[in-house]
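The values are calculated or read from the model by the stated rules, or taken from the named source; none is laboratory data. Bear in mind that the values here come from a model prediction, so they are computed numbers and not experimental data. In this analysis, Cβ positions are derived from the backbone assuming ideal geometry, glycine residues included, and neighbour counts consider all displayed protein chains.
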Amino acid sequence: MSMTDFSKTYPGLRTIAVIGGGRWARVIIDELMRIVPSTTTISVHTPRNIVGMSEWAAKRDYKNITVHTEFLPFKEAERSAAIVANAACNHEVAVRHALDAGVAVLVEKPVTLFASSTRELYELAKKKGLYFASAHVYMFARYISFLAKWVLEDEPITHIGIVWNDQHAEVRYGEQKTFDQSLPIYADCLPHILSVIEMLVPELSFKFQSLRLNQGGAHLEMDISLERISCKVEMKRNSGTRQRIINVESANRSYICDFSKEPVRMSCDAVDVDYNEDIEPRPLECLLRAFLTGAVTGKFDPRLDIRHGLRVNYIIDEVANKYAEEQRLWLANALTDGHSKDCDGLLYGVGELLLAKNLTDSASLQMDINRIINDCSERDKSYILEYFNNL
C-alpha cells in the first residue's frame, strides 16, 4: 500500500503519538514518515531528550512532527493512536496515559516488567473498549514464516536451538545500538525469541527449565520445554559479533536460519536452500501498517494480540528469581576469587543490580560500582551473598 493509498483509506487518522526519545523511537518515526500522509501529525513525547529529538526531526526536514516533554491530551473528535517505545521501566505509565486518553496503543517489548502489570493494563483496555497491541516484529518477518512453513511440512520437530548475540557497539539503522543496562538480558531478548518459537510451534506451552549465567549476566544460556520439544537458547551482550541463528531439528533433518545479517541464509542438512526475499517491505513496516489498520478499521492482526506479550511476561516472571539467585552467586564467586578472571563481567553484573533497583544513575554508576566492590573486598562468600540480598 502506497502512502497515497494509506491517506485515502484512513483519512481520519489525525495524530500518532510516539512515546520515547531513543534510537528505536527514531527508527519507528522514520518508518511512519514513509507510510502516513503529511496530514497526519506525529507527536513525540520525551521528557529527557526534547532537544535531541527536535534537532533530529529538523535535520531530517520532517514537517509534521511536534516534540513535547508531556503526554498531551488528544482531541476527542480526532482518531489517534499511540506507540510506546521508551525505556521498559516506563512502559506501564506510558500505556496507562495512552489508554486514559482513549486511543489505540502499540507497546514495544517487553509490554511491562511484570505479568501482573500487563494483565492489569489488558483488563483496562478491555473495559474501555480500546485496541491494545504488543509489538513482536519477528512475527512479521517473512523468513521466519518461510522457515515455519518449511519445517512443519516435515516430521515433527524434536529440538529448537536459538543463538541471540548482540555485538558490542553495533551500528543499526545508522546509529550505534546500546542496551538498557537496568533491563536484564532475558527480559530484553526473550520477547523476540519466544515470538520466533511461537511462529515455529504455535499453541504449545512454554515452560522454563534451567539457566546458566556467565559474565555477570551478559551471557545467559537457558533451557525451555515445549511439551514434547526441547529448546536451548543462548543470549549474549557485548559479543564479538552479531548472531541471530535458529536451528530446528526433526527426526531426520536439521534446518538452519541465519539472519545475523542480510541476506538471510537458509539451509537443510548443511545444504543451502534458495530463498529469495525482497528488501521491501521490511518487518517493522508490516507491523506498523497492521497496527494502524487495526486502530482505524477495527480489523486486528492476530500477531499483535496483547496476549502474546502477556505470555512472554509470565515466562520472564518465572526466570527472574532464578536469574537473580544465579547472578548473586556468580558475583560472590568472582569477588572471592579476586575478580581477576572476568573484570568486565563483574562491572556488568554489579552495574545491572544497581540500575535495576534504582540505586544509582548513569552519572554515579562507576563510583557506586567501585564502592560495592570495595565493601566486599576480602569478605567471604556468605557475607557477599547477604550483602547483595540486602541491596
Query raised in the report: Do any helices (runs of 4 or more DSSP H) entirely within the range 306-391 hold 2 or more residues that are touching a residue at least 60 places away in the same chain (Cβ under 8 Å), and if so, which?
Result: 306-336, 343-356, 381-389
Query raised in the report: Given the structure, is residue 312 β-branched (Val, Ile, Thr), at pLDDT 95 or above and touching a Ser or Thr at 6+ places or on another chain (Cβ under 8 Å)?
Result: yes
Query raised in the report: Would the range 193-207 turn up any residue that is in contact (Cβ under 8 Å) with a residue 24 or more places away in the chain, assigned to a strand (DSSP E or B) and more than 23 Å from residue 113 (Cα to Cα)?
Result: no
Requested in this report: Would you mind stating whether residue 1 is surrounded by fewer than 16 Cβ atoms within 10 Å (Cβ to Cβ), within 18 Å of residue 290 (Cβ to Cβ) and either modelled with pLDDT under 95 or not assigned by TED's automatic domain parsing to the domain that holds residue 183 (or both)?
Outcome: yes
Report summary line: Selection from the range 78-102 of residues part of a loop (DSSP other than H, G, I, E, B) and surrounded by fewer than 22 Cβ atoms within 10 Å (Cβ to Cβ) yields 78, 87, 101, 102
Query raised in the report: Restricted to the range 256-266, and to residues that are more than 21 Å from the chain's Cα centre (by Cα) and modelled with pLDDT under 95, which residue is surrounded by the fewest Cβ atoms within 10 Å (Cβ to Cβ)?
Result: 263
Report summary line: Residue count, the range 158-174, condition farther than 17 Å from residue 258 by Cα and touching a Cys at 6+ places or on another chain (Cβ under 7 Å), comes to 0
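To keep it simple, each residue is scored yes or no on (1) farther than 23 Å from residue 222 by Cα; (2) surrounded by 12 or more Cβ atoms within 10 Å (Cβ to Cβ); (3) hydrophobic (A, V, I, L, M, F, W, C); (4) not assigned by TED's automatic domain parsing to the domain that holds residue 179.
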site	(1), (2), (3), (4)
332	no, yes, yes, yes
345	no, yes, no, yes
350	no, yes, yes, yes
363	yes, no, yes, yes
366	yes, yes, no, yes
371	yes, yes, no, yes
374	yes, no, no, yes
379	yes, yes, no, yes
383	yes, yes, no, yes
Requested in this report: Go through the range 373-391 and count every residue that is hydrophobic (A, V, I, L, M, F, W, C) and closer than 13 Å to residue 325 by Cα.
Outcome: 3
